[in-house]
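Undergrad: Quick one: the structure is below, questions incoming.
The values are calculated or read from the model by the stated rules, or taken from the named source; none is laboratory data. As the structure is a computational prediction, the values presented were derived from the model and not from experiment. For neighbour counting, all protein chains shown are included, and Cβ atoms are generated from backbone atoms with ideal geometry for every residue, glycine included. Each accessible area value is taken on the protein alone, full model and side chains, heavy atoms only, with ligands, DNA and RNA left out. Shrake-Rupley method; radii C 1.70, N 1.55, O 1.52, S 1.80 Å.
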Amino acid sequence: MGRRILFLGPPGAGKGTQAERLARALGVPHISTGVMLRDNVTRGTDLGKKAQAIMAAGDLVPDDLVVAMVKDRLAQDDAACGYLLDGFPRNVVQARALDEAIGTGALEMALLLEADEEELVGRLLQRALDEGREDDNETTIRNRLQVYRDETEPLVGYYPENDVSVVAVDGMGTIEEVFARMMTALVDN
Ligand code: ADP
């Protein structure tokens with residue numbers, strides 16, 4: 001059945017970078033709803049058209065759309081041997097939908113990548129310069145952090161209540177340092 005691991009953490013904590021590396025190391029697909037949604041926007045699909053303005057404002061795309069997208073992705077062959085989920089679930093409604101789709105107890109663990117707020121904002125502003133992402137400007141960044149606190153952070157309590165352990169990893173330092181911490185967390189838990 002392979003490993004089914006979930007990544008939690010605020011925008012800018014480095015989830016995407018670390019999840020991609022970890023997925024490669026474990027030989028499972030990296031499933032990022034942010035990447036999938038941006039791809040839909042680029043291709044101009046119906047979903048992309050519905051999501052574009054919402055994403056640009058830093059708000060959450062409606063649950064039913066995101067849940068349907070993830071279910072389709074999890075039904076593909078390469079996900080049969082496990083996966084790393086990044087950016088999903090982002091609230092309790094999505095977490096319940098995931099439990100329903102894969103069965104409670106199917107998740108092995110959640111890795112919570114942490115960094116302090118000043119560092120997060122700094123990294124996101126830098127990414128705005130590097131990558132030109134539409135949702136990386138100061139107003140939107142503040143909103144995304146607020147949405148994280150209101151909607152996503154409650155999952156740090158939800159999962160332990162549902163028998164999935166949440167392991168916190170310090171996201172400060174170099175990419176290599178953080179990756180090493182994550183590998184240790186995986187081996188120890
Ligand atoms: P970040 O972690 O920097 O916020 P992501 O790439 O994970 O970036 O997500 C970018 C945007 O895509 C979010 O701000 C949101 O609008 C949308 N999005 C991604 N995943 C979800 C999800 N699970 N539910 C709703 N919206 C999502």
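Undergrad: Pairs of alpha-carbon atoms within less than 8 angstrom and 6+ residues apart define the contacts here; what relative contact order does region 66-144 have, in percent?
TA: 16
Undergrad: Also, I was wondering about something else. Within region 111-189, report the trypsin sites (Lys or Arg not before Pro) that DSSP leaves as loop and that have at most 16 other Cβ atoms within 10 Å.
TA: 133
Undergrad: Relative contact order (percent) for the chain, with alpha-carbon contacts under 8 angstrom and 6 or more residues of separation?
TA: Relative CO of the chain lands at 32 percent.
Undergrad: Restricting to Cα pairs below 8 Å that are 6+ residues apart, what does the relative contact order work out to for region 89-189? Please round to a whole percent.
TA: RCO, region 89-189: 40 percent.
Undergrad: Using each residue's phi in region 130-142, evaluate 6.51 cos²θ - 1.76 cosθ + 1.60 at θ = phi - 60° and report the 3J(HN,Hα) Karplus result to the nearest Hz, with x for Gly and Pro.
TA: Per residue, the Karplus-derived 3J(HN,Hα) values read 6, 10, x, 5, 4, 9, 9, 10, 4, 4, 5, 4, 4 Hz.
Undergrad: What does the helix-only formula give at 222 nm for the chain: each DSSP H stretch with n ≥ 4 adding -39500 (n - 2.57), the total divided by the residues, and the result rounded to the nearest 500 deg cm²/dmol?
TA: For the chain, the value works out to -17000 deg cm²/dmol.
Undergrad: Whole number in Å², please: accessible area per residue of the chain, 1.4 Å probe, ligands, DNA and RNA not counted.
TA: 49
Undergrad: On the accessible surface of the chain, probed at 1.4 Å, how many percent belong to carbon and sulfur atoms?
TA: The computed percentage sits at 50.
Undergrad: Compute the Rg to Rh ratio over the chain from the alpha carbon atoms, using the Kirkwood formula for Rh, and round to two decimal places.
TA: Result: Rg/Rh = 0.93.
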